[in-house]
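The values are calculated or read from the model by the stated rules, or taken from the named source; none is laboratory data. Owing to the predicted nature of the structure, the values given are computational and were not obtained by experimental measurement. Neighbour counts run over all protein chains shown; Cβ positions are idealised from the backbone, glycine included. In case anyone asks, the SASA skips ligands and DNA or RNA and just uses the protein heavy atoms, side chains included. Shrake-Rupley method; radii C 1.70, N 1.55, O 1.52, S 1.80 Å.
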Amino acid sequence: MIPVLTVADVREAVAWYETAFGFSERLRIGAAHRSQLDVPGGGAVMLAEVRPNTRAPAEEPPSHSVMVRVEDARGHCEQARAAGAAISMEPTDFEYGERQYGAEDPFGHRWTFSETIADADPAEWMSE
């Protein structure tokens with residue numbers, strides 16, 4: 001699965017995602033129409049320009065977020081913060097064995113970055 005995120009300026013977004021999140025451009029379609037970015041560790045995301053049937057995120061509650069696995073959530077968070085990401089949740093360790101942080105990029109998209117820190121048995125942390 002490759003999520004497609006609409007942004008007002010594809011080229012600006014590519015540069016930002018490379019610096020902030022460590023993504024790398026794999027494919028450029030047109031001067032500024034679309035771009036596919038590889039995500040370290042596997043996966044991809046597509047950036048698309050605003051078209052008549054799409055829009056960039058608005059100031060309303062979000063309709064989605066994208067979750068990405070990372071090797072070092074704390075280090076990744078600091079890199080994203082330095083590039084201007086708005087950190088919505090500091091790196092937090094959860095009983096289900098993940099260390100996660102939340103961020104919003106300057107284009108209005110919400111992200112959760114997750115690092116596995118333990119092989120947690122769901123029977124130990126799930127309530128019925």
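Looking for something of a type in the set (S, T, Y) and either touching a Phe, Trp or Tyr at 6+ places or on another chain (Cβ under 6 Å) or part of a loop (DSSP other than H, G, I, E, B) (or both) - is there at least one such residue anywhere in region 39-60? Let's see the steps before the verdict.
Filtering region 39-60 for residues of a type in the set (S, T, Y) gives 54.
Within this subset, residues satisfying the condition of being either touching a Phe, Trp or Tyr at 6+ places or on another chain (Cβ under 6 Å) or part of a loop (DSSP other than H, G, I, E, B) (or both) are 54.
Scanning region 39-60, I find at least one residue that is of a type in the set (S, T, Y) and either touching a Phe, Trp or Tyr at 6+ places or on another chain (Cβ under 6 Å) or part of a loop (DSSP other than H, G, I, E, B) (or both), so the answer is yes.
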Can you tell which of M46, M67 is closer than 16 Å to D105 by Cα, open to solvent by 50 Å² or more (accessible area, probe 1.4 Å), without any contact (Cβ under 8 Å) to a residue 60 or more places away in the chain and under 13 Å from the mean Cα position of the chain (by Cα)? M67
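Within region 52-64, which residues are exposed (fewer than 15 other Cβ atoms within 10 Å of the Cβ) and either touching a Gly at 6+ places or on another chain (Cβ under 9 Å) or without any contact (Cβ under 8 Å) to a residue 12 or more places away in the chain (or both)?
P52, N53, A58, E59, E60, P61, P62, S63
Within region 70-109, restricting attention to residues that are part of a strand (DSSP E or B) and either under 15 Å from V7 (Cα atoms) or among the polar types (S, T, N, Q) (or both), which residue is farthest from the chain's Cα centre (by Cα)?
Residues of region 70-109 that are part of a strand (DSSP E or B), as a first pass: 86-93, 98-104.
Checking the rest, the ones that are also either under 15 Å from V7 (Cα atoms) or among the polar types (S, T, N, Q) (or both) come to 88, 92, 100, 104.
Working: S88: 12, T92: 17, Q100: 12, E104: 8 Å.
Per the criteria, the residue is T92.
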Only one of (1) within 11 Å of the chain's Cα centre (by Cα); (2) open to solvent by 50 Å² or more (accessible area, probe 1.4 Å); (3) of a type in the set (A, V, I, L, M) is not met by V39, so which one is it? (2)
